[in-house]
Structure formats: structure tokens, C-alpha cells
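Throughout, read-outs are computed from the coordinates displayed, never taken from laboratory work. Only a predicted model underlies this, so the values are computations on that prediction, with no experimental measurement involved. With ideal geometry, Cβ positions are generated from the backbone for all residues, glycine too; neighbour counts draw on all protein chains shown.
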Amino acid sequence: MDMQEKLAIRPETARAEQPVIILPRSTVLDRPRGAESEDPYPTLDQPQEFRAWFEREGYILVRNAVPPRLCQTGVDAFRQEVLHDRLGFFERHASGKFERHVYTEAGFMKYPIMNLQDLPLKKHAGFRRAGLNVVTHPTIQRAFIALTGEPGRCIHTMYFDGNQTTWAHRDGHYIDSSSDGQMIGVWVAAEDIHPDAGRFFVVPQSHRMKVPGEEGDPNSPGYKRLMADFVRDGPLDCLAPRLRQGDLLMWTSMVIHGSLPTADQRHSRRSFTAHYVRESQPYKWNVRADKSQKTTRVNRVEVVLHADDASLAKRVRNHVRAEWPRVYGTARDVWKRMRLDA
């Protein structure tokens, strides 16, 4: 067993290794049904058609939105500062907790990092800066204004290296604008995404339909099973476009989406994700009790910070976790054992 395999079975990551529902669907499309070309999408130079497509289909694709050099800068910074940080704790999408890396068989980071804007500047300044430059790029701002008529506030970010096989879901069941359904997700391919890498999929027009039983806990196995069944057996297409470095996919918070299982573990799925709401509207968590009011600005975009440092104890915890991860990990293990023994 090599070092990466040892790291992959650490106790603190065992919870994240729960099985994910796979979509055994053989009719995944790479272009909209009936389209004669791979790119039937209106462009930003056609603002009315661009918005009409998004409102009808629930998503839209913008080719060459972000310069490849910016995407590559983000990937290089991740590989230099983050990928091999085997002791560090990073907030994860799958669990919502701070956990060490789990690696795939090919050595990719399996579970994405959440909220790049909260990464400690001392250790990860280059990756934080490069990632935020991607997700706040002027083309993304222009596209958001074309869809909503006003600038956007970035409320959530992520970076994917490998593929965790994200379950089918609606973002609005977790986080949304104060006006339900008006948050917009953005996904930027940080490299050419191989067809076998576990591509991002979207279910066009699903923002207009309800799935029976979906009102339950969005983190529950029942919810995930219902969504997976709808994508597999429902009346709508499952679309996984071929995406190249710098391409941008945008979707409404109520359209169902996720990622296909990886067919070839040798391929990464490097990408940056963010969620935006209109500047005139607050955002809300549907799975948390409160939300942060702290922000910073990147490329003139307001970006919400989520680091929980409202008390001295939490500031000390965050500092120890960032600067002395070995000490933090040991203390956390001791605390867990004490709670189990109590």
C-alpha cells in the first residue's frame, strides 16, 4: 500500500467514503436534442436570445469565457500549494466539514474544496487569488448582468480536482437567493474535460418540474435516490456537454444537475465553481441556521466570506487548524474519543 492509499483511509475521512448513488443511464447527450451543431447556444452578443434560452432551458453554455492562461494559473497554484498538503484541513463539499485530502487511485484530490475565499493567505495565497480571479472574471460578470439586469454577489466557491460523483440535486435546496430560484451557478472548466472524467451534467427544463418527495432533507439518502431516479427514468434529457479549458456553464438554482461517474480514473476533472445572487438580494442557507455578513471584493465583485471567527475560541481554533494542522488533528481525535467514552 503506497502513501496515498494510506491517506485515503484515514479515520477522519471514513464518513466521506459512503456510497454515492450512480446514474445507470445510457442516453446521456453531449448536445441539446435536435441540435445540428455542438454549440446551438446564443452568445453574449445576442443578449435577448441569451436570456431567453437560459429562462427556458435553465442553463446556458459560454465557450472561451475565461482565458486558458488564467485557468492554468489556478491549476498550477493548486498543485503547488494545496494538492500535496497532506496535513492541512480543507472545508469539503460532500460533508461540509474540514477534512484532510482523500486521493483517488491516480493521485487526484477526490473531494472538492469549498470557499476558496476563506483559505489562509499565509499558506494558500496564490491558489486563493488565482481561483477567485477565475470565478469573478469579467465575462462571468457580463453574463450574469445579461441574465439578471444587475451585477452579482459571489456567495460560494469550490474547486474540483478529481471527481467525487456529485449526486443529482437542486442548488436551491441548500443555498439560494432570498427570492427562491434566482441564484445562478457558474462552472468553469480549468482544463479540457475528458469524456471519461465524470462530466458535469444538467437536466434541461427541470427547473420547471417537481420531483415527488423532493421536499425532504436534501442530504438524506431518500432525496438522493429520488433525484437519481428522476434523472435516470424521468421524461427529460440528461445533458453532459463537452467542455474545454475556459468554457463556462451557468444554471439556475432549481435546475437538476450533478456529475457522471468517472469511467477512467486516470483523468482529472479540474474546474472552478461559484454561486451568485443579485447584489440587490440577500442570500439564504436552507441547511444552516445563519449566514455570514462578511465580504471582500475581487475584480470589483463582492465575495462573501464564511470563515467562522465570531468568538475568541473560534479564532484560536481556526488559527491552530491553519498553522498547526498536526496539533489540530491530534486534538480533534482526542476530543472525539472523549465524547465516545462519555
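Quick notes on this one:
- Count Lys and Arg as plus one, Asp and Glu as minus one, and take only other residues whose Cβ is under 14 Å from that of residue 226; the net charge is then 0.
- Over the stretch 177-311, all Cα pairs binned in 5 Å intervals from 0 give whole-percent P(r) values of 2, 8, 15, 18, 19, 17, 13, 6, 2, 0, listed from short to long.
- Scattering from the stretch 93-145 was approximated by placing one identical point on each alpha carbon and applying the Debye formula without solvent; log10 I(q)/I(0) at 0.14, 0.21, 0.29, 0.32 1/Å stands at -0.51, -0.92, -1.10, -1.15.
- Neighbourhood net charge (13 Å Cβ-Cβ; Lys/Arg +1, Asp/Glu -1) for residue 155: +1
- The slack between residue 319 and residue 179, meaning 0.36 nm per residue of separation minus the straight C-alpha distance, is 46.8 nm.
- Global geometry of the stretch 42-98, whether rounded, prolate or oblate, following the gyration tensor of its Cα atoms and the 1.5 cut on a/c: oblate
- Here the relative contact order of the stretch 3-307, from alpha carbon pairs under 8 Å that lie six or more residues apart, stands at 28 percent.
- Positive contributions from Lys and Arg (+1) and negative ones from Asp and Glu (-1), summed over other residues with Cβ under 12 Å from the Cβ of residue 248, come out at +2.
- Amide hydrogen neighbours beyond the local backbone of residue 65, cut-off 5 Å, H modeled: 247, 248
- Lysines with Cα under 28 Å of residue 224, excluding same-chain neighbours fewer than 8 positions away: 97, 110, 210, 284, 291
- With the biggest extent put first, the Cα atoms of the stretch 3-307 measure 50, 43, 39 Å across the principal axes.
- Phi angles across the stretch 255-272 convert, under the Karplus curve 6.51 cos²θ - 1.76 cosθ + 1.60 with θ = phi - 60°, into 3J(HN,Hα) values of 7, 7, 7, x, 10, 6, x, 6, 8, 9, 5, 6, 9, 8, 9, 5, 6, 10 Hz, Gly and Pro given as x.
- In this calculation the C-beta distance from residue 336 to residue 309 is compared with R0 = 25 Å, giving a FRET efficiency of 0.65.
- Expected 222 nm ellipticity per residue - DSSP helices of 4 or more, -39500 (n - 2.57), all of the chain, to 500: -9000 deg cm²/dmol
- In this Cβ point-charge picture (+1 for Lys and Arg, -1 for Asp and Glu), the chain has a dipole of about 1080 debye about its Cα centre.
- Here's how it looks for residue 302: its modeled amide H is under 5 Å from those of 154, which are all 5 or more places away or on a different chain.
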